[in-house]
Amino acid sequence: MNLETIFENNEQWILRKTQENPAYFKDLNQGQTPEVLYIGCSDSRVTAEEIMGLAPGELFVHRNIANIVNAIDLNAQSVINYAVNQLEVNHIVICGHYSCGGVKAAMEAKDLGILNPWLRNIRDVYRTYKSELNSIPDSEKRYDRLVELNVEEQAINVVKMAAVQRAIRQRGLQIHGWVFDIKSGKLIDLKIDFAQILNEIMEIYRLEE
Ligand code: CO
């Protein structure tokens, strides 16, 4: 790839946008009011705005390897707190994807150095759902299921946060678990019942009366 192409593409894009709306960038500069926080994988094939057909300003985005929400990851915790408290998003989406290299790596006995503690978050998901996962004989289906369970567990990690609990209670903030299927391009809502999950875990994770 010639990086010059990127700057040429950028000039073309500016031209297209200002032809459609001469005030496009002036409007964009006014500020952002995204209604959705998207937490997804860094995978280059899962381009959040493009697969959802959203424009600049519509999606607040956090991406990392295997869409993990870890309590001591200052980056993810800052993004979520800012999105909930300052931007006041109405939805938080955790979006995993099938064929996720991070999830795959966590299923293999391989030393990946600095990635070990990061991917251990996924191994912990595997341990939590070990009996369900081990009962799936087909290894591809087991891999897909771990992708889905990882989405569910990371969404639960979001619910453990004080700011999120407050926003759910005070203004009905919603959490969603989705998966992107690279093979078909389809975005799938896992329809995780967060009301039910909340009931089950809040006696442990509640941070305020
Ligand atoms: Co991935």
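The values are calculated or read from the model by the stated rules, or taken from the named source; none is laboratory data. Everything quoted here is computed from the prediction, not taken from an experiment. Here the Cβ is made from the backbone with ideal geometry for all residues, glycine too, and neighbour counts use every protein chain on show. We work out accessible area using only protein heavy atoms, side chains counted, and drop any ligands, DNA or RNA first. Shrake-Rupley method; radii C 1.70, N 1.55, O 1.52, S 1.80 Å.
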**Item:** Hits in region 35-50 (condition: buried (at least 17 other Cβ atoms within 10 Å of the Cβ) and either out of contact with any Phe, Trp or Tyr (no Cβ under 6 Å at 6 or more places or on another chain) or aromatic (Phe, Trp, Tyr) (or both))
**Value:** Val36, Tyr38, Ile39, Gly40, Cys41, Asp43
**Asked** Based on what the data block shows, is Glu20 acidic (Asp, Glu) and surrounded by 11 or more Cβ atoms within 10 Å (Cβ to Cβ)?
**Response** no
**Asked** Any idea which of Asn121, Asn116 is free of Cβ contacts under 8 Å to residues at least 40 places away in the same chain and more than 21 Å from Leu173 (Cβ to Cβ)?
**Response** Asn116
**Request:** Search region 79-108 for residues being closer than 25 Å to Ile182 by Cα, open to solvent by 30 Å² or more (accessible area, probe 1.4 Å) and without any contact (Cβ under 8 Å) to a residue 60 or more places away in the chain, and hand back the single one that is nearest to the ligand (Cβ to nearest atom).
**Result:** Gly101
**Message:** Between Ala76, Ala55, which is at pLDDT below 95 and surrounded by fewer than 23 Cβ atoms within 10 Å (Cβ to Cβ)?
**Reply:** Ala55
**Fill in**
Result of the Cβ filter at 8 Å on region 131-142, keeping first residues that are of a type in the set (A, V, I, L, M) and partners that are part of a helix (DSSP H, G or I) and surrounded by 10 or more Cβ atoms within 10 Å (Cβ to Cβ), at least 6 apart or interchain, is Leu133/Tyr126; Leu133/Arg142; Leu133/Arg145; Leu133/Leu146; Leu133/Leu149; Ile136/Arg142; Ile136/Arg145
**Asked** Can you name the number of the only condition in (1) over 28 Å from Ala167 (Cα atoms); (2) polar (S, T, N, Q); (3) open to solvent by 80 Å² or more (accessible area, probe 1.4 Å) that Asn29 fails?
**Response** (1)
**Prompt:** What number of residues within region 58-68 are under 18 Å from Leu146 (Cβ atoms) and either surrounded by fewer than 18 Cβ atoms within 10 Å (Cβ to Cβ) or not small (Gly, Ala, Ser) (or both)?
**Reply:** 4
**Request:** Go through region 42-71 and count every residue that is within 12 Å of the ligand (Cβ to nearest atom) and more than 15 Å from Gly185 (Cα to Cα).
**Result:** 7
